[in-house]
Amino acid sequence: METSRDTEARLRQLVRFFYALKDPVRLRILIALARAGEMTVTEIVEAIHLAQPLVSWHLARLRAAALVRVTRDGRMARYTLDIDALERQWADFLSVLREPSR
């Protein structure tokens, strides 16, 4: 049986998830990553035509929501969309909606 504390933790994670999705720039980044598979910040900047500091700021929000993964090769960072995490979080949201009232 899920405790109130577990429910609150799930809801906090869902808030991070939807916060990450609420911004059009972040959605554009996710779409670019979905299409390309893996990209550097420079490649994302070129794909969505925004300044590098702004892209980096949005990538940090996407990482906090566990929607993108970063791998480092020396100073080079490569970003990928974590589609499995996105699907899990969406499924958890649907699960919360379907839970019977108490």
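None of the figures in this text is laboratory data; all of them are computed from the coordinates on show. Everything numeric in this text was worked out from a predicted model, so none of it was measured. Note: ideal-geometry Cβ built from the backbone for every residue, glycine included; neighbour counts use all protein chains shown.
Helices in the chain, meaning DSSP H runs of at least 4 residues, each add -39500 (n - 2.57). Divided by all residues, the mean residue ellipticity at 222 nm is -21500 deg cm²/dmol. Taking Cα centre as origin and charging only the Cβ of basic (Lys, Arg, +1) and acidic (Asp, Glu, -1) residues, the dipole magnitude of the chain rounds to 240 debye. For Val68, the residues whose modelled amide H falls within less than 5 Å of its own, excluding neighbours fewer than 5 places apart on the same chain, are Arg63, Asp82. Ile44 sits among other residues whose Cβ lies under 12 Å from its own Cβ, and their net charge, with Lys and Arg +1 and Asp and Glu -1, is +1. Based on alpha-carbon centroids, what's the gap between segment 1-61 and segment 64-101 in Å, whole number please? Spelled out, the Cα-based centre of one part sits 9 Å from the other.
Taking the highest mean first, how do the peptides 68-75, 43-50 order by number of other beta carbon atoms within 10 angstrom per residue?
Put in order of decreasing packing, that is 43-50, 68-75.
So how do 23-33, 82-92 stack up, highest first, on mean other-Cβ count within 10 Å?
Ranking, from highest mean packing down: 23-33, 82-92.
Computed 3J(HN,Hα) for segment 33-50, one whole-Hz value per residue from the Karplus formula 6.51 cos²θ - 1.76 cosθ + 1.60 where θ = phi - 60°, is 5, 4, 6, 8, x, 8, 8, 8, 4, 4, 5, 5, 4, 5, 6, 10, 6, 10, glycine and proline marked x. Between [x] 19, 15, 12; [y] 41, 14, 9; [z] 30, 13, 12, which matches semi-axes √(5λ) of the Cα gyration tensor in Å calculated for the structure shown? Working out semi-axes √(5λ) of the Cα gyration tensor in Å from the coordinates points to [z]. With θ taken as phi - 60° and the Karplus curve 6.51 cos²θ - 1.76 cosθ + 1.60 applied, the whole-hertz 3J(HN,Hα) list for segment 73-79 is 10, x, 8, 7, 10, 10, 10 Hz, x standing for glycine and proline.
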